[in-house]
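Since the structure comes first, as structure tokens, the remarks are kept for the end.
The values are calculated or read from the model by the stated rules, or taken from the named source; none is laboratory data. Everything numeric here is computed off the predicted structure, so don't read it as measured data. Cβ: placed from backbone, ideal geometry, glycine included. Neighbour counts: every protein chain shown. For accessibility, only protein heavy atoms count, side chains too; no ligands or nucleic acids. Shrake-Rupley method; radii C 1.70, N 1.55, O 1.52, S 1.80 Å.
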Amino acid sequence: MLKVLDSAVPVACWSCAVAHNDATLFCPHCSKIQPPPGGDYFSVFGLVPHLDLDLSELEHEFHRLSRKLHPDRFARAADNEKQWSLADTALLNDAYRTLREPIHRTEYLLKLHGAAIGEEHSGKDRKDPSRVPADLLEEVFELNMQLEEMRAARKMGETDAELQASLEQAKRKFDGLMDEVDHDLRAQWKAWDEGDAGARAAAQKAMVALLDRRRYLNNLVRDVTETLGA
Amino acid sequence: MAEGRVVGIDLGTTNSLVAYMQGEAPVVIPGVDGSNLVPSVVALDPMPAGGGRPTVTVGNSARKSLIETPERVIYSVKRLMGRGLQEVQSELKLFPFRLADDVEVGEVPRIQLGELRFTPSEISAYILRQLKRNAERFFSEPVTQAVITVPAYFNDAQRQATKDAGRMAGLEVLRLVNEPTAAALAYGLDRAKVGTIAVYDLGGGTFDISILKLRDGIFEVQSTNGDTHLGGDDIDNLLLAIALDEIHAEHGVDLRKHPSAVQGLRKDAIDAKIRLSTEAVARFDIELPNGDRYQREIPREVFEQLIEPVLERTAGPCKQALADAGLTPEQIDEVVLVGGSTRIPAVRKLVDDLFHLAARGKKPHIELNPDEVVALGAAVQADILAGSSKSTEEMLLLDVTPLSLGIEALGGTVARIIQRNSTIPASATEHFTTGVDGQTNVAIHVVQGERELAADCRSLARFDLKGIPPMSAGLPRIEVRFLIDADGILKVSAREQRSGKAARIEVKPTYGLTDEQVESMILDSFDHAEDDFAKRLLIEARNEAETILSAVERAPQSPAWQQLRGEEQGAITAARDRLAQIKQGEDAAAIRDATLALDQATRRFAELMMDAAVTTAIRGKTMENAGEEMGDAVTAPHPMAQAEFK
Ligand SMILES: [Zn+2]
């Protein structure tokens, strides 16, 4: 695993007063728990920001840190240590939840680097035609018509086997397109992790576009699944 | 802080238990009657003639009042914990309790019991206090810290209400642990250390399903789901409703108007349910007030058809939990059954179907008593928190929040900020601003649940951010941090970032007690003082001594006495005299020892009396009649029979 260099701001330990950098969860001198460190989710695990993570190593580190930080280990500690254990563990859990999931991890890293990532809200903008990827315009138009028909038929208590089959086929197609996006994203991970500043900027731009496309496809698939399962 | 013991408590809908870690194994602490289970029943004794507050009794002794004075007894109070007025009202359609007349919307509902009113937390506090006393009696030392279990699917308000109850009972609640997770801990102590397990927990009033991954002593919950309105009570109510309807239709008697008759019938319904777990048919045979008899056979097939809709309601949460964990039934290595209702064969069949167990040559785990396993797990967690024992030092529980946390956004929709099944503690930071120039307050509505509209979710609290420096609209930047702690309870803090000023937050929990209210409900706090503690131990020891002495007093009238050898009679008389004398002194431990000695001296006599009672019963009389003939000592549990002393 890539490790963070000792570059963070120095602060003094609350317990032994020896200086250490503010990215650490425990004092290197007296091992006491420290208030929540500054720095990003990657630094919680002692990592520099990168995308191609080893998930089993991440889990192992998560368990190791949980054993030391968890409030269960501080049930009878002084109030300040109790508070820090709670805050540090919340940070650890938030970090782990974000980093172990590939899409969340990518979004998080891009946001760290100033990219504006569309938030996934209750899908208000998903019908906005300007957001439809150009190569999918025709298919999406067709699909929306079929979804409307399907819902109308459902309401009347009718079943339309042909329509059902057609929707299922569309779902398979969009599932396949999602897989392609995921594959492309992974390729960009490598480009970002290993590239120089220029390559990173290019990879970043490509990933923002891929994440937009993925979000769009995801909403479509969800719509179809909901309509089929209703 | 004193490093006393930490006990584990299962505060159940039907029964409650307290357990502790005895060396490497968790053990349930019996009550004074020798029973491990304390029925979660609270009764108010009659008003004392001279005025003052009536005594509150808990457990088996309270259960006795159910038939005689049902208006002074409450059970299944867990169903009311942390609930609002409307929810409580709908619960009360099924339970014969009365709300206090003066309860207002927005207040914590109070239950009318005799001439007094109690919040659900206070009722639970009485149960907790009883368990605390049982533990103190057992250890002969004060117990002030506990782990208490709650259904995994309990929301914030229900958890807070449980913590409040602990405080009222004089207990520092070190942790709330989810019941299915506790059960997994109890099983995990001596089990293979790697695997994925599902815990199916169908108790008296709640249903939980949790899926956990075990690895190197870490119990990591993957997902949880459930229904806090589903349990054995629902099955009892189905049987009860049938009986009440049939009695009304066939005999023209409306028993619903007679609370004590309904209680009697409920007991029969429960007996029938229990019998149907082992037998093919159960019977109702009840004498009605008008002299008629209501007789009815319930074959198991009819029973299973009847309860199918109830059991089927557990399937959805199981499937959702699997989906949330990203697992198929085949990927579940073990299934653990928890809760008395899992004794029902139809429940076991359903679990088998849901997790494809038989098809894979597997069986659900039922090795630990389903009534006790949660308390045992709570004791394990208590030991982890105490941090002093080798057997649990490698163990750690990572639990999740069962429900998503959200904020009401424009248009009444919910912006989710912490997703369900997030490992706790978990946090989220949100930014808010003002909509009007000079605005100094911002109101935030926090909800819990999975629905799209805030109105369909559970309202947790309204926060009022006050003291925002007056600025142009949209300029203030208020950072609000939401943190769900290890008990699953929400904490909120806020800061205005431009001025750096900490915004003041006024929390109005939608259903909950204020700190001051909890303070005012703390049960008689004399429990804390060492002096009073010693006094109480002495009183309890004397009471126990008196119980056994009065039983022995009547012994010579029993035919069994004549069967004893002379020296056995002599030993009993000597032990009796010794206890009678020591009882006058102030040494609780000495009284205990003498009580135990008398108990041992009378053991063979008690056996002889039991034999005599059984023989009488076989001759065509009931045990109860036999008991009357022989004196109380026969049917009353031998007061010291199962209690253990250190
Ligand atoms: Zn230090």
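Sort through B:A135, B:A125 and tell me the only one that's under 18 Å from B:V73 (Cα atoms) and open to solvent by less than 10 Å² (accessible area, probe 1.4 Å).
Criteria check complete, one pass: B:A125.
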| Do we have B:V447 as open to solvent by less than 60 Å² (accessible area, probe 1.4 Å), at pLDDT 85 or above and touching a Cys at 6+ places or on another chain (Cβ under 8 Å) here? | yes
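Mind listing whichever residues of the stretch A:43-78 are within 28 Å of A:K111 (Cβ to Cβ), among the charged types (D, E, K, R) and not in a helix (DSSP H, G or I)? If you could, list the steps in order and put the result at the bottom.
Looking only at the stretch A:43-78, we keep the residues that are within 28 Å of A:K111 (Cβ to Cβ), and these are A:43-66, A:69-70.
Subsequent filtering for residues that are among the charged types (D, E, K, R) retains A:52, A:54, A:57, A:59, A:61, A:64.
Answer for the stretch A:43-78, where residues must be within 28 Å of A:K111 (Cβ to Cβ), among the charged types (D, E, K, R) and not in a helix (DSSP H, G or I): A:D52, A:D54.
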| On the given criteria, is B:A415 over 25 Å from A:T89 (Cα atoms) and assigned to a strand (DSSP E or B)? | no
| request: Please work out if B:V173 is within 24 Å of B:V41 (Cα to Cα), within 14 Å of chain A (Cβ to nearest Cβ), in a strand (DSSP E or B) and open to solvent by 10 Å² or more (accessible area, probe 1.4 Å). | output: yes
| said: Looking at (1) free of Cβ contacts under 8 Å to residues at least 60 places away in the same chain; (2) of a type in the set (D, E, K, R); (3) within 23 Å of B:Y126 (Cα to Cα), which one does B:D156 not meet, given that it meets all the others? | reply: (1)
| message | Every residue in the stretch B:483-506 that is part of a strand (DSSP E or B) and within 29 Å of the chain's Cα centre (by Cα), please. | response | B:L483, B:I484, B:L490, B:K491, B:V492
| Among the residues of the stretch B:197-205, is there at least one that is within 14 Å of another protein chain (Cβ to nearest Cβ) and touching an Asp or Glu at 6+ places or on another chain (Cβ under 9 Å)? | no
| field | Of all residues in the stretch B:422-439 being open to solvent by 20 Å² or more (accessible area, probe 1.4 Å) and among the polar types (S, T, N, Q), the one that is modelled with the lowest pLDDT | value | B:T433
| Condition test on B:Q89, is it open to solvent by 20 Å² or more (accessible area, probe 1.4 Å) and not in a helix (DSSP H, G or I)? | no
| Looking at the stretch B:324-375, which of its residues are assigned to a helix (DSSP H, G or I), open to solvent by 20 Å² or more (accessible area, probe 1.4 Å) and more than 17 Å from B:T314 (Cβ to Cβ)? | B:E330, B:Q331, B:A358, B:A359, B:R360
| request: Output the number of residues of the stretch B:584-613 satisfying the condition of being modelled with pLDDT under 85, among the hydrophobic types (A, V, I, L, M, F, W, C) and open to solvent by 40 Å² or more (accessible area, probe 1.4 Å). | output: 2
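Specify the residue that is farthest from the chain's Cα centre (by Cα); the eligible residues are those in the stretch A:153-186 that are under 18 Å from A:T106 (Cβ atoms) and open to solvent by less than 60 Å² (accessible area, probe 1.4 Å). Walk me through how you get there before you give the answer.
Looking only at the stretch A:153-186, we keep the residues that are under 18 Å from A:T106 (Cβ atoms), and these are A:177-186.
Next, only the ones that are open to solvent by less than 60 Å² (accessible area, probe 1.4 Å) stay: A:177-178, A:181-182, A:185.
Details: A:L177: 20, A:M178: 16, A:V181: 15, A:D182: 13, A:L185: 13 Å.
Step by step, filter the stretch A:153-186, then rank; the result is A:L177.
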| Taking the stretch B:470-482 on its own, how many of its residues are surrounded by fewer than 14 Cβ atoms within 10 Å (Cβ to Cβ) and either outside any loop (DSSP other than H, G, I, E, B) or not hydrophobic (A, V, I, L, M, F, W, C) (or both)? | 3
| remark: Sole miss for A:L91 among (1) open to solvent by less than 30 Å² (accessible area, probe 1.4 Å); (2) not in a loop (DSSP other than H, G, I, E, B) is condition (1)
| request: Hey, can you tell me all the residues within the stretch B:210-239 that are among the hydrophobic types (A, V, I, L, M, F, W, C), open to solvent by 10 Å² or more (accessible area, probe 1.4 Å) and over 16 Å from B:A183 (Cβ atoms)? | output: B:L238
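Table: residues versus (1) without any contact (Cβ under 8 Å) to a residue 24 or more places away in the chain; (2) within 13 Å of chain B (Cβ to nearest Cβ); (3) within 16 Å of the ligand (Cβ to nearest atom).
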position	(1), (2), (3)
A:D40	no, no, no
A:L53	no, no, no
A:S66	no, yes, no
A:H70	yes, yes, no
A:A95	no, yes, no
A:R100	no, yes, no
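Which one of B:Q439, B:Q448 is within 33 Å of the chain's Cα centre (by Cα) and not acidic (D, E)?
Values: B:Q439 fails: within 33 Å of the chain's Cα centre (by Cα).
Answer to the check: B:Q448.
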| note | Within the stretch B:1-37, the residues that are in a strand (DSSP E or B), out of contact with any strand residue (DSSP E or B) (no Cβ under 6 Å at 6 or more places or on another chain) and within 14 Å of chain A (Cβ to nearest Cβ) are none
| How many residues does the stretch A:124-140 contain that are open to solvent by 80 Å² or more (accessible area, probe 1.4 Å) and either modelled with pLDDT of 85 or more or in a loop (DSSP other than H, G, I, E, B) (or both)? | 0
| request: May I ask you to verify whether A:A77 is of a type in the set (G, A, S), over 27 Å from B:S388 (Cα atoms), within 16 Å of the ligand (Cβ to nearest atom) and open to solvent by 20 Å² or more (accessible area, probe 1.4 Å)? | output: no
| query | So which residues in the stretch B:40-86 are open to solvent by 30 Å² or more (accessible area, probe 1.4 Å), closer than 19 Å to B:K267 by Cα and either hydrophobic (A, V, I, L, M, F, W, C) or outside the structural domain of B:L131 (by TED's automatic domain parsing) (or both), if there are any at all? | reply | B:I67
